[in-house]
1. Show me the ranking of peptides 107-114, 136-143, 71-78, 17-24 by mean Cβ neighbours inside 10 Å, starting with the highest.
2. Name all residues of the range 80-100 having a backbone nitrogen under 11 Å from the label point set 7 Å from the Cα of Met1 along its Cα→Cβ direction, giving them as ranges.
3. Which Rg and Dmax, in Å, describe the Cα atoms of the range 30-188?
4. Which three semi-axes in whole Å describe the equivalent ellipsoid of the range 31-123, each the square root of 5 times a Cα gyration tensor eigenvalue, listed largest first?
5. Sum -39500 (n - 2.57) across every DSSP H segment of at least 4 residues in the chain, then divide by the residue count to get the 222 nm mean residue ellipticity, nearest 500.
6. Treat every Asp and Glu Cβ in the range 68-184 as -1 and every Lys and Arg Cβ as +1, leave all other atoms uncharged, and give the resulting dipole magnitude about the Cα centre to the nearest 20 debye.
7. What length, rounded to one decimal in nm, is gained on full extension from Thr117 through to Glu56, with 0.36 nm per residue of separation minus their alpha-carbon distance?
8. By a straight-distance test (C-alpha under 18 Å), which aspartates and glutamates pair with Lys40 as possible cross-link partners, with residues fewer than eight away in the same chain excluded?
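The values are calculated or read from the model by the stated rules, or taken from the named source; none is laboratory data. Note that the coordinates shown come from a computational prediction; the quantities given were computed from them, not determined experimentally. Positions of Cβ are backbone-derived with ideal geometry, glycine not excepted, and every protein chain shown enters the neighbour counts. SASA here: full protein model, heavy atoms, side chains in, ligands and nucleic acids out. Shrake-Rupley method; radii C 1.70, N 1.55, O 1.52, S 1.80 Å.
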Amino acid sequence: MNIGILALQGDYAKHARAVEELGHSALCLKKPITLQKCDKLIIPGGESTAIIRLIEKLELRAALQDFGAELPVMGTCAGLILLSKIPGKLPFSSLGLLDIEIERNAYGRQIDSFIDTVQLELNGQHIEFEGVFIRAPKIKKTGKNVLPLGRHGTDVVMVREKNILACTFHPELADDLRVHDYFISSVK
Ligand code: GLN
C-alpha cells in the first residue's frame, strides 16, 4: 500500500520508517498531486501553527479535506489538532475532519512532556502502549460518532471516527508498530 505522509514540518521521517518496517511504501508529500498516489495519509506531530501555515502556502487544504472525506487519515499530536472540527480556542482554521474539540499544550510547556503507559483498544483487544506526550493537546469534547480507543487515566488519548484515526501521543516514537499496523490494516 502507498501511505502518504505530510512532510512539511515535524516528525514525518519516523512515521515513514514505521510504514516501511511494516512492508508498505511511504510517500513523503509536499504537493497536492502526490495525494493521488496515496491509499492512506498520516499527518504527523510537530507544530500545528507552522504546519497549517505551510498547508495554506502550498495550497494543500482542499486536497487534504477531499482526501479525508473518503480515505483513511491518521493524525498524531499536532496532526490530531489539525484534523479537529469543533473550533475551541484554536488560533487558525483547522481541517475539520474529526468531530472533536481540543486544547493545545494542555499538559503545560515542553518541560512537562512525559512518557507513560496508555491503554488502547485495537480491534477489540486491550493493549498497553508506550505513550510519548510532547507538548500534547487534550481532547475536550467528542461528537457522537467518535469512538474512544485509548485512555491515559481519565483522559481520552486516541479516537476514531469512521476513516479518521487520531492520537494525542506519538506512536512513531515508541518502539512498537501496533498503532501504525492498526491504521494500515484496519482503518478503512
Ligand atoms: N504543541 C504542538 C501544537 O500545538 C503539538 C506538539 C506535538 O505535535 N508534539 O501544535
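1. On the way: 107-114: 11.4, 136-143: 19.2, 71-78: 26.9, 17-24: 16.0.
Result, highest mean first: 71-78, 136-143, 17-24, 107-114.
2. Within reach of a label on Met1, which here means backbone N under 11 Å from a point 7 Å along Cα→Cβ, the range 80-100 contributes nothing.
3. 14.6, 41
4. Working: eigenvalues 110, 59, 32 Å².
Semi-axes from the Cα gyration tensor: 23, 17, 13 Å.
5. Details: 5 runs with 45 residues, N = 188.
It lands at -7000 deg cm²/dmol.
6. Values: 13 positive and 15 negative charges, 123 e Å.
Charge dipole of the range 68-184: 580 debye, to the nearest 20.
7. Values: separation 61, 0.36 × 61 = 21.96 nm, distance 3.56 nm.
Fully extending the segment from Thr117 to Glu56 adds 18.4 nm.
8. By straight Cα distance, Lys40 reaches Asp11, Glu20, Glu21, Asp66, Glu70, Glu161, Glu172, Asp181.
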